Amino acid sequence: MTLYPQAPWTLQGFAVATLHLIDIERVRSLIPQELDIISVFPGKTIGGVYLSNYTSGSVLQYSELIVVAAAVTHSGRVGGWVSHIYVDNPDSVAGGREIWALPKKLAEFTWSHNSVSVRQSNRPLCSLNYNPLFSIGWKPRLGASSFSHKNSELLSFAFEVEAQFGLVNAQLSVPTASPFTDLITGQPWLAISATQMRLTVDAPKVLTRR
């Protein structure tokens, strides 16, 4: 039996996010028709990879890999579309699927000094090496939102993060066996770290029903 806390979830720990330009034609089939893909350059949207480790003080302790396939908008609301998401805690899988309708799956995470690798059984998903460049001396609080789809409903949920942000030099490897190898190609044009992070993810709201 899986047990998970109700939303909102408050998570504390560390994260690294890489930002990538993604071909819109590669992701169009993954995005619900109700959402418009934001073009930042001709034929390109913005997405990326988010790797985190939520530790003591979190409602659940686990590691997470999120692939954001596109930046999208609906009725003036801007957010990201999560195409792939992996964690190493079955309670997080259940909560992510049942509360937020996110396609969470289990995976194994290996963290070491300035690196992390993620795999499912014998299939590697990705690996990231990163080296800090500099960090700001204060902890801003930033908010954003994301979308998901549950049966006939389009959902939106807000999240807020407070952290000491910094720039990192990151090398991301997505092998050909990975299910998102066609989405995330090449190296990131920007990589950001978040230390002393406190992340709050709100319950979803229904935007539309088919």
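The values are calculated or read from the model by the stated rules, or taken from the named source; none is laboratory data. Here the structure is a predicted model, which means the values were calculated and not measured. Positions of Cβ are generated from backbone atoms using ideal geometry, with glycine treated the same way; all protein chains shown enter the neighbour counts. With ligands, DNA and RNA removed, areas are computed over all heavy atoms of the protein, side chains included. Shrake-Rupley method; radii C 1.70, N 1.55, O 1.52, S 1.80 Å.
In segment 143-163, of all residues being open to solvent by less than 40 Å² (accessible area, probe 1.4 Å) and not small (Gly, Ala, Ser), the one that is farthest from residue 7 (Cα to Cα) corresponds to 154.
Taken together, 111, 100 contain a single residue that is modelled with pLDDT of 95 or more and closer than 29 Å to residue 24 by Cβ, which is 100. Scanning segment 38-67 for residues that are more than 20 Å from residue 114 (Cβ to Cβ), open to solvent by 40 Å² or more (accessible area, probe 1.4 Å) and assigned to a strand (DSSP E or B) yields 41, 44, 46. Within segment 20-37, if we keep just the residues that are among the hydrophobic types (A, V, I, L, M, F, W, C) and open to solvent by 50 Å² or more (accessible area, probe 1.4 Å), the residue that is farthest from residue 196 (Cα to Cα) turns out to be 30.
Of all residues in segment 99-128, those that are over 22 Å from residue 176 (Cβ atoms) and without any contact (Cβ under 8 Å) to a residue 40 or more places away in the chain have Cβ atoms under 7 Å from Cβ atoms of residues that are open to solvent by less than 70 Å² (accessible area, probe 1.4 Å) and among the small types (Gly, Ala, Ser), 6 or more apart or on another chain, in 104/92; 104/96. For residue 137, the requirement of being open to solvent by 40 Å² or more (accessible area, probe 1.4 Å) and part of a loop (DSSP other than H, G, I, E, B) is met. Taking the conditions (1) modelled with pLDDT under 95; (2) under 23 Å from residue 143 (Cβ atoms); (3) of a type in the set (A, V, I, L, M, F, W, C) in turn, residue 41 satisfies each one other than (2). Determine, yes or no, whether residue 43 is on the phi > 0 side of the Ramachandran plot and out of contact with any strand residue (DSSP E or B) (no Cβ under 9 Å at 6 or more places or on another chain). Judged against the criteria, residue 43 is not a match.
Would you mind finding the one in 116, 93, 87, 72 that is farther than 29 Å from residue 151 by Cβ, open to solvent by less than 40 Å² (accessible area, probe 1.4 Å), of a type in the set (A, V, I, L, M, F, W, C) and modelled with pLDDT of 95 or more?
Exactly one of 116, 93, 87, 72 is farther than 29 Å from residue 151 by Cβ, open to solvent by less than 40 Å² (accessible area, probe 1.4 Å), of a type in the set (A, V, I, L, M, F, W, C) and modelled with pLDDT of 95 or more, namely 116.
Quick check on residue 178: is it of a type in the set (Gly, Ala, Ser), at pLDDT 95 or above and assigned to a loop (DSSP other than H, G, I, E, B)?
Spelling it out, residue 178 is indeed of a type in the set (Gly, Ala, Ser), at pLDDT 95 or above and assigned to a loop (DSSP other than H, G, I, E, B).
Out of all the residues in segment 53-93, which are touching a residue at least 60 places away in the same chain (Cβ under 8 Å), in contact with a Ser or Thr (Cβ under 7 Å, 6 or more places away or on another chain) and small (Gly, Ala, Ser)? Result: 69, 79, 80.
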